[in-house]
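One structure is given below, encoded as structure tokens.
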Amino acid sequence: FRCVWCQYTVHDECMVDELRTEDCTFGEFKDLIIPPYYLSAINQMRKEKRTNYEKVVPYCSKHWMPVMVLANTRSGNNMGEIFLGEFKMLLNPVQVFDLSKIAPAKALQLCTWLPCNAVRVLVCGGDGTVGWVLDAIDEMKIKGQERFIPQVAVLPLGTGNDLSNTLGWGAGYAGEVPVEQILRNVMEADGIKLDRWKVQVTNKGYYNLRKPKVFTMNNYFSVGPDALMALNFHAHREKTPSLFSSRIINKAVYFFYGTKDCLVQECKDLNKKVELELDGERIELPNLEGIIVLNIGYWGGGCRLWEGMGDEPYPLARHDDGLLEVVGVHGSFHCAQIQVKLANPVRLGQAHTVRLILKSSKMPMQVDGEPWAQGPCTVTITHKTHALMLYHSGEQTDDDDASSLSE
């Protein structure tokens, strides 16, 4: 027989004697587990209109920091299904959620039953899934539940995973680390802040007739060839979603559209079509095909765009300093050269507020991998809020990144 909580195992003939003397310890992950008696005790206290939940906590542990697991079974190569089962075996199933069946906002209401400032959330999915969860956490702030807001860790199952990489969780998980080690990493991770930005797109000529589009940005905004690749990829995936269950296939399709754009150059003469302002100051643009506004260190599936090849003394991009880094690219081929460290981007500057005016024609744009085709407009990017994240100080994808978050 095996205890589903602490994994303690006994023989059939030993069972009666052993269970008389052994209390369940909840095993190695006792500090992460919500015990079966906890929620029923809190429920009873709520009925009696008592709110001193902390009286129940000492029965769990002095260092109790329960972990909620939110898995997107549709992310990347569909590994989420496997993780749901494995995490349910190690934790209480009530703290493991399938985001294809329950929205993050509803799942996160469990935080209001747990001690303030103690909960950690592990998001299993791509950067889009992380953004979805962070949006739900922002809703908690609006509801006045700020004291219950959790810290967020990431298990990267998506295609790009640039946010995950920036926070030390790696560029993509393929089952190489056991689930037990993932939980240990979450226990040991350090809390940090992540800037979140408001991107407002106001169509030209419709100031009084149509509401502006508003997005929340964690990673980056771009106009030009990389947005065009994302737009083509997105359209292809919408037509045949079954073909896009593998991270390798996804990257191959991205490569195809990037190669195609090298020949067609659909975004040329961007500098003649747009105006760029950094903190209210107009920037003279060289001959460009794309502009990328960065909040995090990584871009394009693992490239440190702002620092480039490291041959110039530029400050490291940070995700908690209230500053955006703005760079330009000459086209898809230039993007590819940057990714393999054969070229540097055109560094346009850093700013607290970025305004981009598209004067004519239609251009591809994207916010955190969500692309669309946009006509003449004004794009304004301003600071929105901070998110509480968890940073894992394990191995980095880029050797130069080891100290980027400790400085």
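The values are calculated or read from the model by the stated rules, or taken from the named source; none is laboratory data. Because the structure is predicted, anything quoted here is derived from the model rather than measured. Because the Cβ atoms are built from the backbone with ideal geometry, glycine has one as well, and the counts that use them run over all protein chains shown. Side chains included, ligands, DNA and RNA excluded: accessible areas come from the protein's heavy atoms. Shrake-Rupley method; radii C 1.70, N 1.55, O 1.52, S 1.80 Å.
Structure data summary
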{"quantity": "Helices (runs of 4 or more DSSP H) lying entirely in the range 74-164 (those with 1 or more residues that are outside the structural domain of Asn185 (by the TED database))", "calculated": "none"}
{"quantity": "Hits in the range 6-24 - residues which are in contact with a Cys (Cβ under 9 Å, 6 or more places away or on another chain) and modelled with pLDDT of 80 or more", "calculated": "Thr9, Val10"}
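Conditions (1) outside any helix (DSSP H, G or I); (2) open to solvent by less than 60 Å² (accessible area, probe 1.4 Å), marked per residue:
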| site | (1), (2) |
| --- | --- |
| Gly168 | yes, yes |
| Ala171 | yes, yes |
| Val177 | yes, yes |
| Glu180 | no, no |
| Leu183 | no, yes |
| Lys193 | yes, no |
| Arg196 | yes, yes |
| Arg210 | yes, no |
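For (1) farther than 23 Å from Asn232 by Cα; (2) more than 22 Å from the chain's Cα centre (by Cα); (3) open to solvent by less than 50 Å² (accessible area, probe 1.4 Å); (4) in the same structural domain as Gly301 (by the TED database), each residue gets a yes or a no:
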residue	(1), (2), (3), (4)
Leu323	yes, no, yes, yes
Ala343	yes, yes, yes, yes
Gly349	yes, yes, yes, yes
Ile357	yes, yes, yes, yes
Ser360	no, yes, no, yes
Met365	no, no, yes, yes
Gln374	no, yes, yes, yes
Cys377	no, yes, yes, yes
